[in-house]
Structure formats: structure tokens, C-alpha cells
Amino acid sequence: MHIEKVLSYYQDCYKQEFRDNDVLNFLGTKVDKRFFLKNSTGLYREEDPTFMKIDFGEDLYKYLEIYRKEKTFVACSFFITGKLTFLGRKRTICAPLIVTPATLEINSDALYHINYNFEENRVNEALLNVLKANFNLDESFSLEIKSLINDQEPSKQDIQGIAKKLEEYIPIHTSELEILPALLEGQKIKEHSKSLTLQLLPAIALGIVEKSKSSRDVLHEIDEIKEGHLFNDTLRGFFSRRKTEINTDAISKEGVYVPSNLSSSQLGIIQAVKTNDITVVIGPPGTGKSYTIASLALDQVYHNKSVLICSKSDQAVDVLQEKIVQDLGVKGLSIRAGSGRSHKAKLKKKLESINVFQKGGNDYFIPKKQKEIDYAVNKIKEISDEIRDREEREIKNAELFLDYNPSVFKRLKRKYVSKQVLKEYPFWQLIELLEHYIHQKNKLIKEIISLKYRDKISDLLSKDQTLSKFSKLVKTRNIEERERLFQEVDFQSVLQCLPIWITKSTDVSDVFPLQNDLFDVAIIDEASQCDIATMIPVLARAKKVVVVGDPKQLRHVSFLSKQMMEDTANAYGLLKGEEVMNYRETSFLDFALERLPSQSNVHFLDEHYRSVPSIIRYSNQKFYFEKLKVMSDLQIHHKTSAVHWVFCEGEKLKNGTNLQEAEQLLEDIQKVIDEEHQVAIGVATTIGILSPFRDQVNYLKDKIEELDLAAIKKHKIAVGTPFEFQGEERDQMYITFTIDNQTSTSVFQYLDREDVFNVSITRAKQQQFLYYSFDPKNFKNKHLVIDYLSETRIQYPQNSVEEYMDNFAEEVLEELIQLGIKQEDIIVNYPIAGYVMDILVTHKQRTICIDLVGYPGALEKTFSIDQYKTLFRTQIPIITIPYVYWLHNKKECLHHITKKVRIAK
């Protein structure tokens, strides 16, 4: 069967990729039944003259049979021993350099022998990663070591060549290799491992190590899918010969009901999911990808559907849970599940609260609230139209009153406009009404979702013991009891009450049975980081799939050899590139794009809300061919660049840090903290610190811990590598490149990864500070960091904010001071939520924004309706004051400001 062969290909590729039998201490408790060989020719193979003792062989064979699902047998060659720093402190290592999969077999004479899969020899990745971290090595070190390891037995490895290469990179003693072909026995290895210095030792040992649970579950479930022929339409759409059909003409009659403010492109995605089985969403940085996913999930729940949201990393799914609970304010519907104890504890608590739930009876209220939603939607449209008309009129009115030599006709018109202005209700009332009805609509949608949720729980509790059984399933640690309850629980009923589940893709099997079409929709986030095989069990559980990601951000990484992929494809009679994809280079996002017959159901989120133009400009040009529309683009942003290069004349030390860059960066952050000590939490500038290199990150984390905890929380200070910042954003980002003029060009192989670099430079919303210690003339422009520097290091005059103040703003500023507001509590041209607010006022922990409209210049216009919707999410009151209204009714304007900031009279 073709689909079975295709699944087997991806399963085998995954199996080769995630054999993950790496160990850093072969002498530790994670290795069972270990034993060391005496020489490199006596390997206990069937053809060898040495035989394994029958009692030991029988004991080993029995152990492997019992634990065949959880554990695996490996041969380990050439050990590195000594002390290295990992997991936060100095630790002893006794780590094999080469790991070989092995099996224990019994021949016709009842003699046990070992079969070695030398063609699957691989380097101990865990060991290489620790060496790289301790000696500040880049990926070129790993690649060079890997290139020296062949697919032969240990005696045929070029161990002297490997030793020489290791000595080029790290301080290591290799003199013990001289005893080859003799080997060191276990006791000698133990003695050497106590030494502080690193040594490469001639030893071969066998042992049983635990398989990774996540990879074990994925492989096991793919086997179940194949054996049970659990090929639902979703799996067939992705893996059969026929590609998925897209219905471009279908239009759903369902309305979109989300408690959020979405753009037309975001709404289009939600509509597309209603009519298509596969929807692909490309979400470049700052385009509202996570917000769209959260809104999509809630729309599905509104229409009585269940949703599974998953991704490769905990960080990605945590962001989505936060969007639903915090940003959209919907609590109780989404469950952050997983194999970890904390997730299980929260689920237990949730189920306990459900089992004491009050009865529902809300059927009467739902139609009534639906009518109220329809009314609010109509009012939002009416007010939006009026705001646009009013803005045009206010700009014309300002021009009329600022004409210093008016004609007779204009003087007459001024009199008429003066009377009309006093009759009209203030502009800020329109904005307040818009916010009111948007809030009302969103509140009603949340109420309907909540009412439906309560009714379903009430119905289920009155009918059967489903939730009680599910609660027992979550609590039990007994494997047999767990398997029994997995079969008994009606998960479709559970999903009616708890409709949104958010989990890592590798944890899905730990939470749900392998049941076709269990979920109405599965949303796969950060799909560019996901491999194809891991998604197979997810697809089997879903009727529809939404694949979300960005091919220009962090990608799926694999080191599977080209030969291994070709051999696997050939073994199943499949044509690589036609019937199956290149596993190593193809992420699940790439795969989904390939499987769609046309691009009609690929949706590109092209509205960038996060960064000011000068921050996103390079990424937009370099990686997105200027397809992004920068929604925060105001004329004031073109006055000065928000990208600031800071030369530090530092050097990268042997421990991987650049102290000069770190000190300058920390000094600049302290200035922000000091300057904003009076600014309220929620309005204060948020801060991110990023370095491509782990050692610099660790050093900065230690330093940030010395800051006042209140300041860390207030400014949401985060420190990390690009991999830790994927999906994150901050008002101001501080990036320390760490490298200096002595940095080898090989380091640029990592910095030149487009996905890593793109993520690094697109986290900032308002300001980006880049600290560097190298002369760009010493390096080629082809390197991304050099190109970025040359494109963005434009010397703009550092103008003060007063230059941006027109006469209208100056007059308002003076009046605010007269009201008793301190000048230091007034900020002009303050960036907030991606936009520049004319005036921000903070008075006695109360903050308001003042938007001045109509006066000719860069900021004569008010915000668009979509921009207002974004600003409303900050929950900061916005007072919109037209210039002509100020001229004629200044007293009313000041009275309203006084009321909003609660100034005592």
C-alpha cells in the first residue's frame, strides 16, 4: 500500500535521526548491563573466536526483551573522560566518541553473539555539544569530527586522525591510544575519569540505554497507524499520491465570532478554515500570527468545534495559551497539557473544579445575546464610518483657521464652522463609543462561549461518568489502569467540555488515544521547525489542519545523511523528490506547501504591527521582498533611525564572553530603568537582551539577576539566544554580537543562517541597540551581519523631541503644566503598541494618551480603525482632540483631561 510505504520512509528517517542514545557518563546510572571489551578484535561477533558466557548472554537477552520498547543496546567506542561544565556546574564525563546500534542474537548452537550496525555509526552529539559549549566552538568543529568517522568497526577507524583534529580544538591528552589494539578495561576507565584533564582513551564497551520517550511514542504510534490502517482523509491528503483538493469557490455561511479585533487578512484565514481541509498560513515576524491562531481557535469553539494546538517547543505553545487566556481574556476553555508534572497537576485541578460544577440552563440567554452582538457589530461600522468622515473634516477645518490671509468667503465659512464645532459632540466621544461597542461585542462573544461551555459540562455530568473516569485517568500512575481507562473514556464528550488543547507535538500521545478525527481542527504552529514524522500522529487525530509558520524563521534541523535517505527510499521502492521529500531539508511547513495543488489556500499575513519601519526594513527587503506593509509607519518614524550601532572596542575572551559589550549594554539598560522609575507598569518600556552565543547569554543572565526584581518584572527583561526569542517581542532589544576582529570566518557560518539572523533582528518594536567590537572592513560584505551593518548604520542627527512639537502640541503641553502636571510626567511623541502617541501623561499612577488631530504636519491624521483597535488593547484611555475644537472649546478639553487623570481641583 503506497501510503504505508511513504509513512514507513518518514518513520525510518525519524528513527535514524532520533536514535538519541547519547550518554555523557557511561559509568552512571542511565546505562544498564555495561561491560568493557579487552581488545578491539574480540567483539563477540558470530565469526569471532571469543564467545559470550551463556549465563550473562541469557540474562542480557531477557532484559532486552522485557525493555525493548523503552531501551536499546549500543556499542560505544573511544571514550573522552575528565571534567566539563554542563547543567550549571563542573561534572565528570565518561563519554563515548562513537555510538553504534547493536543487537544481541542467538545462533543455532544456542550461543549468544552481537550484531553491530557499523553502517549506522554516529558521533555522540551530546558530547560534541558539551565540548562546543565549554570551549566556545562553532558548528564547524562538529562537522569536521563527523567527517572523520566512517562506517567501519572500531579497529578500522582513523582514531589517530580524529585525535589530531581534537587536539587542534581542545586541550586533550591522547597518549593512551598507543596501547591499541589492546583496550583499557572498565576499572582503568573509572580511574582516568577522576582526572580533571580531558583524555581520549582506547576503550570499547556495550550497554543498554533508555530511548527518548518522545521519539519512542512517535515511532510506536506510526506503527499503530500502519497496522490498524488508521488512514483518515487528513493523512491521505498529505501522504497519498493524490494531492489535497482545495475548494476555492466555497463560502461558509458561518459568521466569524472572535472576542478580538482582527484585520481583513486574519479574518480571511478564519473563513478559509471553515471550507478547506488544509490551510497554510505564512506569518512573518510581528504580523499577529499567534493572535490569529488564538482567535481562530475561539471561533471554532463558538461553532461547537474542538481544537488541538501543537508545536515542537514548550515556548511556542506557552505563548498561544497566554494569548487565549491573557490577551483574549477567555479562561477555562483551553488546557495546556503535556507529560510534565506541572501540566498534569493543573489538569487535575481543572477536573476537580468541573466535578463540583453548578447546573447550566443557559439556552434562553444565548439567542438574546446573539442579537446584542449583531447590534454592536452594526454600531461599530456606523461609528467607524463617522470617524473617517470626521477626520477629513477636521483637517480641512484646521487649514481654514490657519489661513492667515483668508478671503471673504473663508471668513464667512469660519463663522459657520465655529458654530457647528460648538454643537458637535467631542471627537473623543466617538473614540470612546467605538471602544465601548468593540468591548461590548467581544464581551458578548466570550459570554456566549462561556454559556455553551457551562451547558455542555452540566449535560455531561448529568448523563454519565465520563469526566469522572477522565479524572481517574489523569491521576493514575498504574500503566495497566491507564491503558484500560484510555479505552473506556469517551474523549469526544471530554472535548465538548474542554474544547481547546494546547501541547507539544511529541506529548500528544501522552494525553489522547490514537483515534482518527478526534479533533475538528489541529493547528500546527512554528511548522518550519517541525519535522514531518512527528506530525503523522497529530494528523491522524484531526479532520482539518491549519499549518502555520515562516520559512524565513528558525527551521527544522537534521543531520541525516543523504545516503541514508536514499537507501531508505529505495528500500520501499519510492522516488525521493517525487513520492517522498528530502527529510533532512524539508520542514513540515515546506511539506504542506508542496502538498497543496495550488497557492490559493496559502495565506500570507502581510500587515506588520510590531516594529517601526527602520527596524523591520532590512528584514522586509532581504527576506520578504518588501511584501510586508508596516502598519506602524508614521511620518515621524522617518526623522531618525531606531537601529543604533554601538562600537565597544571589546574582545571575545576564551570563555566566550565580550565584557566590554556586556558592560555597555547593561549600563544602557540601567539608564532606561532610571528614566522610567515613575512610569506605570504596563506602560514602561519592555526590554530584551539577545546574543547569538550561549556564553555571552549566560554571563548577562547572571548580571541581570543582580537587578531589582521589581525592575525586571516591570520592564519584562528577558535574556536569551535567537532560539529562545522566537515568538517573543520587546519594545527595545539589545543585541550583543560578541565577536571581534580575531573571530574566525567559520563562526560566520552560524551567523549567516538566515533563519537565525532574521529572528535576531526582528524582535524589537521601538528601538534596537546593536553592540559590536569588529571592524567591518576586515570581513566580507557577503556575511549577513556585515551587510546589515552597512545597510542600517546611517548617521542620523540626534534630534530632541521638541523638534517634532508643532505649535498645537506646545500649547497643549503648556496647559497641562498649568493644570499641575509635572513636566517630567509628560512625554511627547511616545511610542506605544507600535505607534507614536502625540502626548503621554502619567499622573499619580494614572496614564492617558492624547492624540492631536488636524494641525498640518506629520501627525495631522488620527489613527486608522485597525490601529485604534490595537491601541484599545493597551487599556490606556485615548483623548482625541481636533485643533479647531481646541481653539473654540479649550476649557472643555482641559476639563476632560482633568477628569481622566483625576487631578484634584
Anything over 20 Å Cα to Cα? Flag those among LYS765/LYS900; LYS305/LYS544; LYS423/LYS891, in the order listed. LYS765/LYS900
Sequence-distant residues sharing a close amide H with ILE335 (under 5 Å, placed H): ILE500, TRP501, ILE502
Where Rh denotes the Kirkwood radius from the mean inverse Cα pair distance, what is Rg over Rh for the stretch 75-215? 0.98
Stretched out fully, how many nm does the piece from ASP318 to ILE172 gain, at 0.36 nm a residue minus the Cα gap? 48.4 nm
Per residue, how much accessible surface does the stretch 141-186 expose to a 1.4 Å probe? Answer in Å², no decimals. 53
With every protein chain in place, the accessible area of TYR116 for a 1.4 Å probe, in Å² rounded to the nearest 10, comes to 20
Counting DSSP beta bridges in the chain, what percent are antiparallel, to the nearest 5? 45
State to the nearest 20 debye the size of the charge dipole of the stretch 129-286 about its Cα centre, where the only charges are +1 on K and R beta carbons and -1 on D and E beta carbons. 300
Partners for LYS38 among aspartates and glutamates (Cα-Cα distance below 18 Å; same-chain residues under 8 apart left out): GLU46, GLU47, ASP48, GLU153, GLU176, GLU178, GLU185, GLU191
GLU481 accessible area, assembled protein chains, probe 1.4 Å, Å²: 60
In the chain, carbon and sulfur make up what percent of the accessible area (probe 1.4 Å)? 48
Just by accessible area at a 1.4 angstrom probe, what is the order of ILE615, ILE395, ILE54 from largest to smallest? ILE54, ILE395, ILE615
Kirkwood hydrodynamic radius of the chain from all distinct Cα pairs, in Å? 31.4
By accessible area of protein heavy atoms, probe 1.4 Å, what ranking do LYS164, LYS652 get, highest first? LYS164, LYS652
With a ≥ b ≥ c the root eigenvalues of the C-alpha gyration tensor of the stretch 463-541, is it rounded (a/c under 1.5), prolate (a/b larger than b/c) or oblate? prolate
Positive end of the dipole of the chain, charges at C-beta (+1 Lys, Arg; -1 Asp, Glu), about the Cα centre: which of LEU430, ASN136, VAL646 has its Cα farthest in that direction? LEU430
Filtered chymotrypsin sites (Phe, Trp or Tyr not before Pro), the stretch 519-591: DSSP coil and at most 14 other beta carbons within 10 Å: PHE559
Rounded to whole angstrom, the alpha-carbon centroid of the stretch 518-547 lies from that of the stretch 155-201 at a distance of 46
Counting helices only, and only those DSSP H runs with n ≥ 4, report the 222 nm mean residue ellipticity of the chain as the sum of -39,500 (n - 2.57) divided by its residues, in deg cm²/dmol to the nearest 500. -13500 deg cm²/dmol
For the stretch 535-614, what does the accessible surface come to per residue with a 1.4 Å probe? Please give it in Å². 36
Rg [Å, one decimal], Dmax [Å, integer] - the stretch 388-506, C-alpha atoms: 31.0, 94
Go through LYS62/LYS146; LYS323/LYS899; LYS30/LYS146; LYS156/LYS780 and tell me which ones have a Cα-Cα distance over 30 Å in this structure. LYS62/LYS146; LYS323/LYS899; LYS156/LYS780
Taking Cα centroids, how far is the stretch 652-683 from the stretch 375-414 in Å? 46
Place a +1 charge on the Cβ of each Lys and Arg in the chain and a -1 charge on the Cβ of each Asp and Glu, then give the dipole magnitude about the Cα centre in debye, rounded to the nearest 20. 2940
For LYS627 the rounded accessible area (nearest 10 Å², probe 1.4 Å, non-protein molecules ignored) is 120
When the dipole is taken about the Cα centre of the stretch 816-905, and only Lys, Arg (+1) and Asp, Glu (-1) are charged at their Cβ, what size is it in debye, to the nearest 20? 460
Quick shape check on the stretch 515-618: root eigenvalues a ≥ b ≥ c of the Cα gyration tensor, a/c under 1.5 is rounded, otherwise prolate if a/b tops b/c, else oblate, and it reads oblate
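From the protein chains alone at 1.4 Å, what is the descending order of accessible area for GLU488, GLU661, largest first?
GLU488, GLU661
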Spatial separation of Cα centroids for the stretch 264-334 and the stretch 690-740, in angstrom: 28
Whether the stretch 566-708 is rounded, prolate or oblate, judged on the alpha carbon gyration tensor where a/c under 1.5 counts as rounded: oblate
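The values are calculated or read from the model by the stated rules, or taken from the named source; none is laboratory data. These figures come from a predicted structure and were not determined experimentally. Note: ideal-geometry Cβ built from the backbone for every residue, glycine included; neighbour counts use all protein chains shown. These accessible areas exclude ligands, DNA and RNA; they are computed on the full protein's heavy atoms, side chains included. Shrake-Rupley method; radii C 1.70, N 1.55, O 1.52, S 1.80 Å.
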